[in-house]
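This report concerns only the one structure given below.
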Amino acid sequence: MSQAHALDALIEALRCLPGVGVRSASRMAFHLLQHDRAAAEQLAQALQHACQSVRHCRLCNTFTEQDICSTCQDPTRDSGLLCVVETPADQSALERTQAYRGLYFVLMGKLSPLDGIGPKDIGLSRLLRRVEEGQVREVILATNFTAEGEATAHVLSELLKTRGVQVTRLSRGVPVGSELEYVDLGTIAYALSDRR
Ligand SMILES: [Zn+2]
C-alpha cells in the first residue's frame, strides 16, 4: 500500500465515528501522524485490546470484560428494581447520582424505525425474559427524553404492562429533547425519585 493509500484508508476509517465527516477525519489523521505518533500507536493498541476483551454482560447487556458485570454481581443491589437505559453512558450518569441502588438493563440503542433499528436490535426479548424470571417488581424506563427515546419507552411500557410488573418513567424534570448523559446529576436524581 502506498503512503497516500494508507492515509486515505486512515481517513476513511475515522469517518466511522459519529458526526465525523471527511474534513474532521482528515484533521484527526494529520494531527495523529504529524504531531502525536505515540498517541496514534496507543490509540491503535487500545482499540484492538478493547475489541478483543470487551463484551456484553449476560444479565444487563452493558459493556464488561467479564461474563457478568460488577454491578450485576453486587449483592447489596436491590434486584427488584430494574432501570432501562439506552447506553452505558446513561447508566454511568445514573450511577453518579448515587440515588439508585437497583439493577440495570442497557438497550445499547433505541427504537428508530427510520434507521432500520427495530425491537430485535435493542435486545427487547432479553429484557422481557429478564422480567419474566420473576425477581423484578418495578421497571424504571430511563430512556432519553428525545422523540426516539420516548417512543422506545412507550413500546416498552406496553410490552411490560402485560407481564405483571410496575412500570414507571423518569419524571419530566429532565428537559425535553435531552440525553441523560448530558443532564446534571441533581436533575437526574430528582427525576428518579419523582418517577411515575
Ligand atoms: Zn450486568
- With (1) hydroxyl-bearing (Ser, Thr, Tyr); (2) free of Cβ contacts under 8 Å to residues at least 60 places away in the same chain; (3) crowded, with 20+ Cβ neighbours inside 10 Å as the list, and residue 125 as the residue in question, which single condition is left unmet? (3)
- Item | Tally of residues being within 16 Å of the ligand (Cβ to nearest atom) and under 21 Å from residue 121 (Cα atoms) across region 31-68 | 13
- Item | Check on residue 167, open to solvent by 20 Å² or more (accessible area, probe 1.4 Å) and among the aliphatic types (A, V, I, L, M) | yes
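Quick check on region 2-17. Is at least one of its residues of a type in the set (Ser, Thr, Tyr), more than 25 Å from residue 137 (Cβ to Cβ), in contact with a helix residue (DSSP H, G or I) (Cβ under 9 Å, 6 or more places away or on another chain) and away from the ligand (no atom under 16 Å from the Cβ)?
Checking region 2-17: not a single residue is of a type in the set (Ser, Thr, Tyr), more than 25 Å from residue 137 (Cβ to Cβ), in contact with a helix residue (DSSP H, G or I) (Cβ under 9 Å, 6 or more places away or on another chain) and away from the ligand (no atom under 16 Å from the Cβ).
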- Message: Filter region 73-118 down to the residues that are part of a loop (DSSP other than H, G, I, E, B), closer than 18 Å to residue 138 by Cα and of a type in the set (D, E, K, R) and list them by number.
- Response: 77, 86, 101
- Does region 137-147 include one or more residues that are within 14 Å of the ligand (Cβ to nearest atom), surrounded by fewer than 21 Cβ atoms within 10 Å (Cβ to Cβ) and under 14 Å from residue 180 (Cα atoms)? no
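Restricted to region 69-80, and to residues that are more than 17 Å from residue 92 (Cα to Cα) and not acidic (Asp, Glu), which residue is nearest to the ligand (Cβ to nearest atom)? Show your work before the answer.
First, the residues of region 69-80 that are more than 17 Å from residue 92 (Cα to Cα): 75-76, 78-80.
Next, from what is left, pick out any that are not acidic (Asp, Glu): 75-76, 79-80.
Working: 75: 13, 76: 15, 79: 12, 80: 16 Å.
Ranking the qualifying residues of region 69-80, first place goes to 79.
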- Note on the structure: Here the qualifying pairs (Cβ atoms under 7 Å; residues six or more apart or on different chains; first in region 176-191 and more than 18 Å from residue 109 (Cα to Cα) and in a helix (DSSP H, G or I); second open to solvent by 30 Å² or more (accessible area, probe 1.4 Å) and of a type in the set (Lys, Arg)) come out as 185/96
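Answer yes or no: is there a residue in region 107-114 that is within 16 Å of the ligand (Cβ to nearest atom) and closer than 29 Å to residue 162 by Cα. Working first, answer last.
Here is the first cut: in region 107-114, the ones within 16 Å of the ligand (Cβ to nearest atom) are 107-108.
Within this subset, residues satisfying the condition of being closer than 29 Å to residue 162 by Cα are 107-108.
Among the residues of region 107-114, at least one is within 16 Å of the ligand (Cβ to nearest atom) and closer than 29 Å to residue 162 by Cα, which makes the answer yes.
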- Across region 92-105, which residue is surrounded by the most Cβ atoms within 10 Å (Cβ to Cβ) among those that are of a type outside the set (Ser, Thr, Tyr) and at pLDDT below 95? 94
- Note on the structure: Over region 37-76, the set of residues under 13 Å from residue 105 (Cβ atoms) and among the charged types (D, E, K, R) is 58
- Message: With the requirement that a residue be within 21 Å of residue 182 (Cα to Cα), open to solvent by 20 Å² or more (accessible area, probe 1.4 Å) and touching a residue at least 40 places away in the same chain (Cβ under 8 Å), what does region 71-91 give you?
- Response: 87, 89
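The values are calculated or read from the model by the stated rules, or taken from the named source; none is laboratory data. Because the structure is a prediction, the values reported are computed rather than measured. When we count neighbours, we look across all protein chains shown, and the Cβ atoms used for this are built from the backbone with ideal geometry, even at glycine. SASA here: full protein model, heavy atoms, side chains in, ligands and nucleic acids out. Shrake-Rupley method; radii C 1.70, N 1.55, O 1.52, S 1.80 Å.
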